[in-house]
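The values are calculated or read from the model by the stated rules, or taken from the named source; none is laboratory data. Because the structure is predicted, anything quoted here is derived from the model rather than measured. A quick note on method: Cβ atoms are made from the backbone with ideal geometry, for glycine too, and the neighbour counts reach across all protein chains shown. What goes into the accessible areas is simple: the full protein's heavy atoms, side chains included, and nothing from ligands, DNA or RNA. Shrake-Rupley method; radii C 1.70, N 1.55, O 1.52, S 1.80 Å.
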Amino acid sequence: MPEAHETRSLLERIAKGDRSALALLFDHEAGRLVAIARRIVRRQDLAEEVVQDAFVAVWQRAAQFDAARGNAMAWLITIVRHRALNLLRDGGRMDYHDGETLAALGDRSLDALNAFDALAEGDALKTCLGQLDEFKRRAILLCYVTGLSHGEVAATLDAPLGTVKAWIRRGTLSLQECLS
Amino acid sequence: MNREDKLDLAGQYVLGLLDEADAKRFETTCAQDPELAGMAAQFAGQMSRLDETAAPMGYRADLWTRIEQQLITAPRTEAAPVLPLQARRKTAPPGGWWPLAASVLVALGAGYLAGTTVTRTATPTMIAVLLNEADASPAVIIEVFADDSVRLVPLESFAAPQGQVLQVWTLPDPATGPVSLGTLPAARDIRLAGPSLPPPEAGQLYEITLEPFPGSPTGRPTGPILVKGFAKPPLN
């Protein structure tokens, strides 16, 4: 993984229209971005489509990246996540057969927990997530890491929708306070 | 909105819980509310640590080639300071629109005069109106002639910054890729000889990009697209 300043300087070059910088960024990051998209859209072909669209968007919008306001990698990840979530919300292509649904939701649960476990000890995010009740933490991880909706989280955790919404709302506020 | 409402909304946005319309609305609100934008950026930055735990995966070998093909026609949002062309329409300059109107009149006048001497002998086979990428307003008219030459008629005045040039391109077909028609320091009424090309087709792309002096180092557009449009035959 390249240093943060390297990603930032690549974005600055891309903003000036340097295509070789975009190619370098692709070489450095495409594999991880495909993996991030795949946690959300599940299918390899769709994950690649997300990353393809995301790099075109980076080319088009690199000038909007404001180095003073955010880190470059997070900006890149945000673009990929938004594309992936939009694809997911569009819905049509994401149908599971009934038999696959539970297994698919189970996979997602695992992805979400693995991401949490993989955070470095001492990472503020790990500490703050760790301070939440288990259900709040799992609900938040399922939304963020795997792009589940409120309803899907409720189905996964086998809890009423209203309760899940409240967990996520209270949990997210606590998390933001803890991190700030 | 109080602080908690804002944190809540920023949280939902970052978690991906807003639908597309609400997410768009949120982004619009952020443009006017730095506190809200800051909350979202901060939380997104912190949560992205979870994404960074993803182990890289393989992908199809031609993924980069597919991206590159899309770049040829992808319009770009420009950084504000590049050219006066970009931001002008968004905020009225002091004194209102008069200076802009005057510059358009001058450009049209110059075009008209030059046109009477330059183009009387030929009618264009194709005409393309190139739109400003910043706000989609008409910025340049390109007339294409049977002898491969093209005439530029600017409708807005814009110029390349020091050390850069405007480069005019067309895309006869995607297989060949973009072909340069010539470079110039500033938009003005001018006839460019152009390389020998097949007769342009309706819908053929014409664009002007910003390139380092004395022209694109790669022979392909490398800089931001300033204006772009598609050819159409005039009615006779």
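Summary table below
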| read-out | value |
| --- | --- |
| Residue in segment A:12-32 that is nearest to the chain's Cα centre (by Cα), counting only those that are facing another protein chain (nearest Cβ under 7 Å) and within 22 Å of A:LEU46 (Cβ to Cβ) | A:ARG32 |
| Total residues in segment B:18-40, condition in a helix (DSSP H, G or I), within 29 Å of the chain's Cα centre (by Cα) and more than 22 Å from A:LEU87 (Cα to Cα) | 7 |
| Boolean, B:PRO138 is in contact with a helix residue (DSSP H, G or I) (Cβ under 8 Å, 6 or more places away or on another chain) and not hydrophobic (A, V, I, L, M, F, W, C) | no |
| Filter result (charged (D, E, K, R) and facing chain B (nearest Cβ under 7 Å)) within segment A:33-50 | A:ARG38, A:ARG39, A:GLU48 |
| Members of segment B:59-80 found to be more than 7 Å from chain A (Cβ to nearest Cβ) and either part of a loop (DSSP other than H, G, I, E, B) or of a type in the set (Gly, Ala, Ser) (or both), listed by number | B:ALA61, B:ASP62, B:ILE72, B:THR73, B:ALA80 |
| Flag for B:PRO199 being at pLDDT below 90, away from every other protein chain (no Cβ under 13 Å) and over 19 Å from B:PRO161 (Cβ atoms) | yes |
| Top-ranked residue in segment A:145-180 [being at pLDDT 95 or above and hydroxyl-bearing (Ser, Thr, Tyr); ranked as farthest from the chain's Cα centre (by Cα)] | A:THR163 |
| Residue within segment B:108-127 that is buried (at least 20 other Cβ atoms within 10 Å of the Cβ) and at pLDDT 50 or above present | yes |
| Count of residues meeting criterion [out of contact with any Pro (no Cβ under 8 Å at 6 or more places or on another chain) and basic (Lys, Arg)] in segment B:127-164 | 0 |
| Any pair with Cβ under 8 angstrom, 6 or more apart, that starts in segment A:110-122 at a residue that is within 9 Å of chain B (Cβ to nearest Cβ) and ends at one that is open to solvent by 40 Å² or more (accessible area, probe 1.4 Å) | A:ALA112/A:ARG138; A:PHE116/A:ARG137; A:LEU119/B:ARG49 |
| Of all residues in segment B:13-48 being open to solvent by 50 Å² or more (accessible area, probe 1.4 Å) and under 24 Å from A:LEU46 (Cβ atoms), the one that is modelled with the lowest pLDDT | B:GLU20 |
| Selection within segment A:144-180 - small (Gly, Ala, Ser), under 19 Å from B:ASP8 (Cβ atoms) and away from chain B (no Cβ under 13 Å) | A:GLY162 |
| Total residues in segment B:135-163, condition crowded, with 21+ Cβ neighbours inside 10 Å and not acidic (Asp, Glu) | 11 |
| Of the criteria (1) open to solvent by 30 Å² or more (accessible area, probe 1.4 Å); (2) farther than 15 Å from A:TRP75 by Cα; (3) facing chain B (nearest Cβ under 9 Å), which one A:ASP53 fails | (2) |
